[in-house]
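See structure below.
The values are calculated or read from the model by the stated rules, or taken from the named source; none is laboratory data. Since the structure is predicted, the reported quantities are computational estimates derived from the model, not experimental observations. As a convention, Cβ positions derive from the backbone with ideal geometry for all residues, glycine included, and neighbour counts pool all protein chains shown. Just the protein is used for accessible areas: all its heavy atoms, side chains included, with ligands, DNA and RNA removed. Shrake-Rupley method; radii C 1.70, N 1.55, O 1.52, S 1.80 Å.
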Amino acid sequence: MSAGFSRRGLLTGAIAAAAGSALGLPARSGSSRKQNPERLLRVAFITDVHLEVDFRCAKAFVKVLKQVNAMDDRPDLIIQGGDLIMDALNRPAKSVAHQYGFARAILERHNKIPIQHVIGNHDIWAWSLAAGHEITSDHRYGKRWWLEWTGYTNTYRSFDRKGWHFVLLDSIVPDGRGYAARLDDGQAAWLAKDLAQTPSTTPVCIVSHAPIISTGAMFFGQGEQQGNWHVPRSLMHIDARWIKDLLVKHSNVKACLSGHIHMQDRIDYNGVKHFGVGAVCGAWWRGPMQETPAQYAIVDFYDNGNAHTTFINC
């Protein structure tokens, strides 16, 4: 923490909040007329904060939380889409502890809305460090630190909320000293079973850190320079074809939300809306990520299975 920076000063309200009532979001539906769909649930999807322990990052994150919490039509739920902290893959334990502690302090101080967390690649400790026995035998190694921090018993799960079924996936599997975006065998079997057990009349939203389908992944780097498009398995689900085939069998899957790419896109494929939401940090606190400014999203879920996403620049 830099000289002159006071965590106490930050957390006691030194940061101004933006007003949520001026955002022009779709109003909550109160109509009971059958020809008009009723909005059942409003969700704030906040992803890729990459919170570093410094004043600039904290100020921006607190601004988003205060804005969401102060909305006249306040969301019922926040889904945090992964990469909440700057990095655990390459950082020593002391740094990771500071990052997770800082994130908890800010959330406890500035958020009153129920929150669900999705695991991101940068939330995983030490996969990219030299994996000696001392690290790998630590009880926090890999995804265990994130599980302890969240209090969850598993890195993927599902729940029902106001007429919708939500599936929160774990997109990240180890790949050498890095990672790939896909489901392991156990999670794939669980997902197939979870969708099979969900009534066909219940609309489903799937949330993953890495996108299942993405146009932003094409432009993240310079993958076309060799004469063919190349999307690395670390950017988009390498098992997207299998997931796509599974979703075709379940027409009640209506929406997919993701982050990871830090770029905004919208894809309607086989009747499923895939929303890629930009990062709160933009390009890791260095301005916009290509054409996408720092942002989060408000997603409205309706009784007819529709999901409407409003992208809000930070």
Which numbered condition D300 fails, given (1) within 23 Å of G163 (Cα to Cα); (2) acidic (D, E); (3) open to solvent by 80 Å² or more (accessible area, probe 1.4 Å): (3)
Strands (runs of 3 or more DSSP E) wholly inside segment 201-276 that include at least 2 residues being in contact with a Lys or Arg (Cβ under 9 Å, 6 or more places away or on another chain) and either more than 21 Å from F45 (Cβ to Cβ) or open to solvent by less than 20 Å² (accessible area, probe 1.4 Å) (or both): 204-208, 253-258, 272-276
Residues that are part of a loop (DSSP other than H, G, I, E, B), surrounded by 19 or more Cβ atoms within 10 Å (Cβ to Cβ) and either in contact with an Asp or Glu (Cβ under 8 Å, 6 or more places away or on another chain) or among the charged types (D, E, K, R) (or both), drawn from segment 77-115: G81, G82, D83, L84, M86, D87, A88, R91
Near pairs, Cβ below 7 angstrom, 6+ apart or cross-chain, from segment 220-232 (at pLDDT 85 or above) to any residue that is in a loop (DSSP other than H, G, I, E, B) and of a type in the set (G, A, S): W229/G223; H230/G223; V231/G223
Inter-residue pairs, beta-carbon under 8 Å, first of a type in the set (S, T, Y) and in segment 268-290, second open to solvent by 40 Å² or more (accessible area, probe 1.4 Å), 6+ apart: Y269/I213; Y269/K244
Some residue of segment 54-68 being in contact with a His (Cβ under 7 Å, 6 or more places away or on another chain), of a type in the set (K, R) and either farther than 23 Å from P293 by Cβ or surrounded by 18 or more Cβ atoms within 10 Å (Cβ to Cβ) (or both): yes
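Can you report the number of residues in segment 176-193 which are part of a helix (DSSP H, G or I) and either within 23 Å of N121 (Cβ to Cβ) or within 17 Å of the chain's Cα centre (by Cα) (or both)?
Start the filter on segment 176-193 by keeping residues that are part of a helix (DSSP H, G or I), which leaves 185-193.
Still in the running and either within 23 Å of N121 (Cβ to Cβ) or within 17 Å of the chain's Cα centre (by Cα) (or both): 185-191.
Adding up the residues that qualify gives 7.
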Failed condition for R177, given (1) without any contact (Cβ under 8 Å) to a residue 12 or more places away in the chain; (2) in contact with a Leu (Cβ under 9 Å, 6 or more places away or on another chain); (3) not aliphatic (A, V, I, L, M): (1)
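Applying the selection to segment 64-112, what residues are touching a Ser or Thr at 6+ places or on another chain (Cβ under 9 Å) and of a type in the set (D, E, K, R)? Quick ask: steps written out before the conclusion?
Pass one, segment 64-112, residues touching a Ser or Thr at 6+ places or on another chain (Cβ under 9 Å): 70-73, 79-84, 86-90, 109.
Within segment 64-112, D72, D73, D83, D87, R109 meet the criteria.
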Selection count, segment 295-314, where residues are closer than 17 Å to V68 by Cα and not in a strand (DSSP E or B): 1
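To keep it simple, each residue is scored yes or no on (1) outside any loop (DSSP other than H, G, I, E, B); (2) surrounded by 12 or more Cβ atoms within 10 Å (Cβ to Cβ); (3) modelled with pLDDT of 50 or more.
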site	(1), (2), (3)
S2	no, no, no
T12	yes, no, no
S32	no, no, no
A44	yes, yes, yes
